[in-house]
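Q: Okay, handing you the structure first.
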Amino acid sequence: MQNRVVMLADFDYFFAQCEELRNPVIKDKPVVVGVYSGRTEESGAVSTSNYIARKFGVKSGMPLFLAKRKLEGTDAVFFKVDHEYYDQISDRIMQIFSGYASSLEQVSVDEAYLDVTEKVEGSFEKARDYSLKIKANVKNQVGISFSVGVGPNKIIAKIACDSQKPNGLTIVKPEEAQAFLEPLDVDRLLGVGKKTSVKMAELGIKTIGELARYDCQRLIEVFGKVIGIYFHNAANAIDNEPVQEQGEAESISRIGTLKQDTHDLAFILQKTDELTEDIYKEVTEKNLSFKTLSIYMVTTDLSSKTRSVTLEQPAKDKETIKKNTKMLFEKFLFESMFEIRRVGVKVSGFSKEEPRQKQLSSFFESD
Ligand code: DCP
Ligand code: CA
Ligand code: CA
């Protein structure tokens with residue numbers, strides 16, 4: 001098999017860089033983007049900050065009042081998160097990326113894997129120029145900088161990218177991969193959080209090199225088969241996960257039978273509310289937004305019918321599902337005299353929100 005050339009691009013201080021982009025005069029100042037909880041004017045947390053603010057000790061997740069205290073006496077500027085704007089910028093960059101990759105896997109609003117093997121003919125030398133070309137193109141067309149890691153697989157690309165920020169370019173060739181990982185702390189691996197790294201420390205494993213040499217059978221005993229093997233392979237720079245375009249479901253739906261045939265709206269909504277809970281759960285897990293909502297019903301004459309509504313804005317909340325389900329049934333009951341036996345709710349017309357994380361992550365314990 002030909003060596004793969006996999007790239008991870010991660011936008012620099014993303015939300016804060018977006019704010020600088022539309023307001024260039026703030027570029028030389030500390031910039032903080034926060035989520036304001038709305039309780040008091042001050043309460044909330046730092047979403048991210050530019051690198052100038054980071055020099056003062058500002059960090060993502062820190063309470064805003066603390067960030068303010070650290071930046072006292074500076075000409076720092078604070079912004080409220082504006083996801084819609086950041087998503088737009090992200091979409092434009094992802095669009096550009098897709099022209100440079102045989103396949104593109106967006107992992108979050110500011111991160112994507114690109115399989116560029118064919119584009120650079122398997123050459124890591126060519127990958128350097130190629131990365132610089134993509135960076136220049138995005139900088140020209142959108143105005144955003146990002147860091148790049150290039151490696152023979154996704155794990156190496158990710159860790160390479162993290163090792164040099166902002167505006168970094170780190171290339172790890174296949175023959176360098178093991179030596180590159182060897183000295184790093186185990187928690188640099190995707191899936192090794194606090195709990196897991198404590199567990200590993202108890203086994204005497206602190207670095208990825210130590211993990212690589214650790215008995216694989218023992219890892220399986222401690223972490224289970226899937227994760228044990230994943231840790232063993234990852235530490236040995238082995239990762240065959242393909243860069244996968246996000247194949248999304250076309251729709252998510254649930255159907256249920258009513259306890260009795262009815263023409264009563266409240267009775268029907270009791271059932272559809274249950275179905276909605278389920279749908280909402282799946283929509284949230286998959287990080288989807290939907291544009292269309294449909295209802296389905298089987299009437300006592302055993303004919304089935306559907307009704308749909310297209311929303312003005314993509315939505316992802318439970319209330320929108322409930323509200324529109326109610327509206328559609330209300331209308332249907334008004335038009336039809338038949339009683340209803342079975343009901344269904346469906347959402348569709350998905351837009352890419354923040355696509356799912358790597359599937360393997362569903363196995364990781366939450367830590
Ligand atoms: N984010 C957030 N809350 C956090 C971490 C991140 O709201 N605790 C948001 C803001 C970031 C974006 O996600 O801009 C991307 O997160 P990153 O971890 O990639 O961090 P940045 O892009 O801000 O900085 P870096 O230059 O380190 O990548
Ligand atoms: Ca980033
Ligand atoms: Ca990121």
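Q: Provide, for q = 0.15, 0.17, 0.20, 0.22 Å⁻¹, the log10 of I(q)/I(0) from a solvent-free Debye sum over equal Cα point scatterers in the stretch 1-121.
A: Values, matching the q order: -0.73, -0.85, -1.03, -1.15.
Q: Apply 1/(1 + (r/R0)^6) to the Cβ-Cβ distance of ASN240 and SER145, taking R0 = 30 Å, and write down the FRET efficiency to the nearest 0.05.
A: With R0 = 30 Å, the Cβ-Cβ based efficiency is 0.45.
Q: Sticking with this structure for a sec: Going by C-beta contacts inside 10 Å, put VAL298, VAL31 in order with the fewest on the left.
A: Values: VAL298 19, VAL31 25.
Ranking VAL298, VAL31 by Cβ neighbours within 10 Å, fewest first, gives VAL298, VAL31.
Q: Taking the Cα centre of the stretch 167-208 as origin and charging only Cβ (+1 Lys, Arg; -1 Asp, Glu), how large is the dipole, in debye to the nearest 20? Spell out each step's value before the answer.
A: Numbers: 6 positive and 6 negative charges, 50 e Å.
The dipole magnitude comes to about 240 debye.
Q: Suppose we keep just the DSSP beta bridges with both residues in the stretch 93-214; what percent of those would be antiparallel, to 5? Please report the intermediate quantities before stating the final value.
A: Details: 6 of 9 bridges.
If I count the DSSP bridges inside the stretch 93-214, around 65 percent turn out antiparallel.
Q: Give me Rg over Rh for the stretch 125-250, both radii from the alpha carbons and Rh done the Kirkwood way, two decimal places.
A: Reported Rg/Rh (Cα atoms, Kirkwood Rh): 1.05.
Q: Please give the per residue volume of the convex hull enclosing the alpha carbon atoms of the chain, rounded to a whole number of Å³.
A: On the way: hull volume 71.3 nm³, N = 367.
Cα-based convex hull of the chain, divided per residue, equals 194 Å³.
Q: Magnitude of the Cβ-charge dipole of the chain, K/R +1 and D/E -1, about the Cα centre, nearest 20 debye?
A: On the way: 51 positive and 55 negative charges, 73 e Å.
Dipole size: approximately 360 debye.
Q: Please give the contour-minus-distance gain from ARG22 to LYS225: 0.36 nm per residue of separation, less the Cα-Cα distance, rounded to one decimal in nm.
A: 68.2 nm
Q: Let me ask something else. Suppose R0 equals 25 Å; then what is the FRET efficiency for SER37 and GLN313 from their Cβ-Cβ distance, rounded to the nearest 0.05?
A: Efficiency for this residue pair is about 0.60.
Q: Would you be so kind as to identify which of PHE267, TYR36, LEU328 lies farthest towards the positive end of the dipole of the chain, taking Lys and Arg as +1 and Asp and Glu as -1 on Cβ and the Cα centre as origin?
A: With unit charges placed on the Cβ atoms, the residue in question is TYR36.
Q: Distance check, please: which entries in LYS80/LYS165; LYS135/LYS199; LYS59/LYS135; LYS225/LYS286; LYS158/LYS195; LYS59/LYS316 exceed 32 angstrom between their Cα atoms?
A: In this structure, LYS135/LYS199 lie more than 32 Å apart at Cα.
Q: Restricting to the stretch 10-131, what percent of DSSP beta bridges are antiparallel, rounded to 5?
A: Roughly 75 percent of the beta bridges in the stretch 10-131 run antiparallel, per DSSP.
Q: Oh, and also: Arrange LEU275, LEU269, LEU21 by Cβ neighbour counts within 10 Å, fewest through most, would you?
A: Going from least to most buried by this count: LEU21, LEU269, LEU275.
Q: Given 0.36 nm per residue, what is the gain on full extension from THR300 to LYS281 after removing their alpha carbon distance, in nm?
A: Stretched out fully, the THR300 to LYS281 stretch lengthens by 3.8 nm.
Q: Shifting gears a bit: Wrap a convex hull around the Cα atoms of the stretch 78-152, take a quarter of its surface area, and give that in square nanometres. Each step should come with its number before you reach the end.
A: Numbers: hull surface 21.7 nm².
Answer in nm², one decimal: 5.4.
Q: To continue, here is another question. Could you tell me the calculated FRET efficiency between ARG213 and HIS83, based on Cβ-Cβ distance and R0 = 41 angstrom, to the nearest 0.05?
A: Given R0 = 41 Å and the Cβ-Cβ separation, E is 0.40.
Q: A further question follows. If you wrap a convex hull around the C-alpha atoms of the stretch 195-268 and split its volume per residue, what is the figure in Å³?
A: Once divided by residue count, the hull of the stretch 195-268 is 201 Å³.
Q: Can you tell me which of 226-232, 123-129 comes out highest on packing, and rank the rest after it, using the mean Cβ neighbours within 10 Å? Show your work: numbers first, answer last.
A: Values: 226-232: 19.3, 123-129: 15.1.
Those peptides, ordered most packed to least, come out 226-232, 123-129.
Q: Could you check the simple spin-label distance between PHE65 and LEU132, using points 7 Å along Cα→Cβ, in nm with one decimal?
A: 5.0
Q: Turning to a different aspect of this structure: Antiparallel versus total DSSP beta bridges in the chain: what percent is that, nearest 5? Each step should come with its number before you reach the end.
A: Numbers: 49 of 56 bridges.
Counting DSSP beta bridges with both partners in the chain, the antiparallel share is about 90 percent.
Q: Now for a different question. How far is it, in nm, from the label point at SER123 to the one at ASP187 when both lie 7 Å from their Cα along the line to the Cβ?
A: My value for the distance between the label points is 4.1 nm.
Q: So if each residue of separation counts as 0.36 nm, and I subtract the Cα-Cα distance between LYS331 and ALA45, what length gain in nm does that give?
A: Extending this stretch completely gives an extra 98.6 nm.
Q: Follow-up. What distance in nm separates the simple spin-label points at SER102 and GLN270, each placed 7 Å from Cα in the Cβ direction?
A: It works out to 5.7 nm between the two label points.
Q: Based on the Cα gyration tensor of the stretch 242-331, what are the three equivalent ellipsoid semi-axes, each the root of five times an eigenvalue, rounded to whole Å and given largest first?
A: Values: eigenvalues 139, 39, 31 Å².
Ellipsoid semi-axes (Å, largest first): 26, 14, 13.
A short reminder: the numbers here are calculations on the coordinates, not readings from a lab. Predicted model only: the values in this text are computed from it and were never measured. FYI the Cβ positions are ideal-geometry reconstructions off the backbone, even for glycines, and counts take in every protein chain you see.
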